[in-house]
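Visitor: Okay, handing you the structure first.
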Amino acid sequence: MVLDPNSSNFFAVVIEGVSEPYLIDGKGLKSLLRKYLKKIAELQKRLDGAKKKGFETHLLEERLSKTWLKIKRLLKHYAHTVSNLILELALKHGVKKIYVGDAVKNKNKESKLSSIVDQIWKLLPHGKVKECLEYKAKEYGIEVEYISEHFTSGVDSSIDGTVCKEAYTPEARVKRGLYKTKLLGYLNADINACRNFLKKLGKFDLISGVGKPVRLRVFYKLKGSSAILLYGRIGRSRGSVNLPVVIRDTISVQTHPKPRICDTR
């Protein structure tokens, strides 16, 4: 299994030999973060003004601290929910190794992105999801590692060959979310990057991740979003993070026998 971290698509997921790719939606989390960051900016402005005028600031500081605490709890819960979801997909398809794109390690470096976009990108808990996956997957004998993302976004994954600068053709990316391949037509750009991860691992094929992407929403029915049923039995939540879910086949799940009722007569 390979995972490409991004923003609107929090993770693109492709599993070797499985034509169905998955896109874990990050728009709901971004929407909440944008709302909280706007609130923090307003509180910070009021706090700075109060300090200049010599007013008491402890109430504003308390509100600011509580808002950051809400963000911290939201990100932690979201990371655990997404890691549970990825682990269940891995168990469902018999995955033994998970690779995560290493772009998340560069979050603390300078960026050319606008301020609010950069703040949201740095807050998105991709690294926390990897940490959660490492200890959760270890129990099932599944390894989790980083993989280099160099040139994966601009190389045609439908053609055999190495993922390198010479094969880099970013002009084939007709728009930010779509890549035109020579043999497979148009692919989601993040899915194309995941397929290039597989090429780096020596797993080139024309099957993995070429089907219609299944979009998995961790948030459900936030303002302005559509009510769409999710894959399998993955749960939905109304404006909050879902509880851990199970998507494995229930036929193989062991059930406990009913307790016997003793006749005391």
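The values are calculated or read from the model by the stated rules, or taken from the named source; none is laboratory data. Everything numeric in this text was worked out from a predicted model, so none of it was measured. Backbone-built Cβ (ideal geometry, glycine too); neighbour counts: all protein chains shown.
Visitor: Any idea which of (1) closer than 30 Å to Ala137 by Cα; (2) surrounded by fewer than 20 Cβ atoms within 10 Å (Cβ to Cβ) is the one Gly28 doesn't satisfy?
Guide: (2)
Visitor: Something else now. I'd like to check which helices (runs of 4 or more DSSP H) are fully inside region 104-222 and have at least 2 residues that are within 26 Å of Lys27 (Cβ to Cβ) and in contact with a strand residue (DSSP E or B) (Cβ under 6 Å, 6 or more places away or on another chain).
Guide: Where helices (runs of 4 or more DSSP H) fall fully within region 104-222 and carry at least 2 residues being within 26 Å of Lys27 (Cβ to Cβ) and in contact with a strand residue (DSSP E or B) (Cβ under 6 Å, 6 or more places away or on another chain), they are 126-138, 189-200.
Visitor: Shifting gears a bit: In region 94-119, what count of residues is obtained for those that are out of contact with any Pro (no Cβ under 8 Å at 6 or more places or on another chain), of a type in the set (Val, Ile, Thr) and at pLDDT 90 or above? Give the steps one after another, and end with the answer.
Guide: In the first step, residues of region 94-119 are kept if they are out of contact with any Pro (no Cβ under 8 Å at 6 or more places or on another chain); the result is 94-99, 102, 105-119.
From what's left, of a type in the set (Val, Ile, Thr): 95, 98, 116-117.
Then keep just the ones that are at pLDDT 90 or above; that gives 95, 98.
Here the count works out to 2.
Visitor: Is it true that some residue in region 201-211 is β-branched (Val, Ile, Thr) and at pLDDT below 90?
Guide: Filtering region 201-211 down to residues β-branched (Val, Ile, Thr) leaves 207, 210.
Then drop every residue that is not at pLDDT below 90, which leaves none.
For region 201-211, residues β-branched (Val, Ile, Thr) and at pLDDT below 90: absent.
Visitor: Still on this model: In the set Lys97, Lys182, Lys165, which member is surrounded by fewer than 16 Cβ atoms within 10 Å (Cβ to Cβ) and within 21 Å of the chain's Cα centre (by Cα)?
Guide: On the way: Lys182 fails: within 21 Å of the chain's Cα centre (by Cα); Lys165 fails: within 21 Å of the chain's Cα centre (by Cα).
That would be Lys97, the only listed residue that is surrounded by fewer than 16 Cβ atoms within 10 Å (Cβ to Cβ) and within 21 Å of the chain's Cα centre (by Cα).
Visitor: Could you check, for region 9-24, whether at least one of its residues is among the hydroxyl-bearing types (Ser, Thr, Tyr) and assigned to a loop (DSSP other than H, G, I, E, B)? Spell out how you get there, then give the answer.
Guide: Start the filter on region 9-24 by keeping residues that are among the hydroxyl-bearing types (Ser, Thr, Tyr), which leaves 19, 22.
If we keep only those that are assigned to a loop (DSSP other than H, G, I, E, B) too, we end up with 19.
Looking through region 9-24, at least one residue is among the hydroxyl-bearing types (Ser, Thr, Tyr) and assigned to a loop (DSSP other than H, G, I, E, B).
Visitor: Please determine, by comparing only the residues of region 54-69 that are part of a loop (DSSP other than H, G, I, E, B) and in contact with a helix residue (DSSP H, G or I) (Cβ under 8 Å, 6 or more places away or on another chain), which one is nearest to Glu42 (Cα to Cα). I'd like the intermediate steps shown before the answer.
Guide: Within region 54-69, the first condition is being part of a loop (DSSP other than H, G, I, E, B), and the residues that meet it are 54-57.
Going one step further and asking which of them are in contact with a helix residue (DSSP H, G or I) (Cβ under 8 Å, 6 or more places away or on another chain), we end up with 56-57.
Numbers: Glu56: 17, Thr57: 14 Å.
Looking at residues that are part of a loop (DSSP other than H, G, I, E, B) and in contact with a helix residue (DSSP H, G or I) (Cβ under 8 Å, 6 or more places away or on another chain), I get Thr57.
Visitor: Inside region 64-83, can you point out the residues that are crowded, with 20+ Cβ neighbours inside 10 Å and either among the hydrophobic types (A, V, I, L, M, F, W, C) or closer than 14 Å to Val13 by Cα (or both)?
Guide: Ala79, Val82, Ser83
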